[in-house]
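Asks: Next up is a structure, given as structure tokens.
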Amino acid sequence: MKQEFSTSRLSSTQPRKQRKFRINAPLHIRHKFLSANLSKDLRKKYAKRNLPLRKGDEVLIMRGAFKKKKAKVTSVDLKNSRIVIEGMQRSKKDGSKVNVFFHPSVLQIQSLNLDDKQRVAILNRKQSTQTEAKEKK
């Protein structure tokens, strides 16, 4: 099996190779693994189903003990594929508070952080191609 990173993991059906792909992936590709579904309103607006999470996005938790709670993303950990959400903490036996980590598949994006020009460009590009396709029909 190859040692260096290869983008052709989709060609393999072997779980060990798919796991290796995820573990050895560089950070710019790992960012795409941290994608969460968009709410129905955002899906209609931007004509996209999911987007990678960023700090500042407002999300709704869909599963677990914190189900149906809305909060902002505090940090995104690309190395360990987990997300910290504002105000979601558990208390330890000694009384100290510790952040709860979430997987992006459990979250739904309610509002986007549009401070980044590149992210806005990606959303607008998708919208413009869909409107052009509708006009051709």
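Asks: Checking the structure you have, find out if any residue of the range 70-92 is under 28 Å from PHE21 (Cβ atoms) and part of a helix (DSSP H, G or I).
Replies: Checked against the condition, which is being under 28 Å from PHE21 (Cβ atoms) and part of a helix (DSSP H, G or I), the range 70-92 yields no hits at all.
Asks: Applying the selection to the range 99-125, what residues are in a helix (DSSP H, G or I) and within 21 Å of ARG30 (Cα to Cα)?
Replies: Pass one, the range 99-125, residues in a helix (DSSP H, G or I): 104-106, 117-125.
Correct list: PRO104, SER105, VAL106, LYS117, GLN118, ARG119, VAL120, ALA121, ILE122, LEU123.
Asks: Of these, SER75, SER96, SER91, SER128, which one is among the hydroxyl-bearing types (Ser, Thr, Tyr), open to solvent by 30 Å² or more (accessible area, probe 1.4 Å), over 28 Å from ALA25 (Cα atoms) and touching a strand residue (DSSP E or B) at 6+ places or on another chain (Cβ under 7 Å)?
Replies: Every option except SER91 fails the conditions.
Asks: Taking the condition of being part of a loop (DSSP other than H, G, I, E, B) and open to solvent by 100 Å² or more (accessible area, probe 1.4 Å), how many residues in the range 3-12 meet it?
Replies: So the count comes out to 3.
Asks: Cβ-Cβ below 6 Å, separation at least six or inter-chain, first residue in the range 100-126 and among the small types (Gly, Ala, Ser), second modelled with pLDDT of 95 or more: which pairs?
Replies: SER111/GLU58
The values are calculated or read from the model by the stated rules, or taken from the named source; none is laboratory data. Keep in mind that this is a model prediction, so the values were computed, not measured. Positions of Cβ are backbone-derived with ideal geometry, glycine not excepted, and every protein chain shown enters the neighbour counts. With ligands, DNA and RNA removed, areas are computed over all heavy atoms of the protein, side chains included. Shrake-Rupley method; radii C 1.70, N 1.55, O 1.52, S 1.80 Å.
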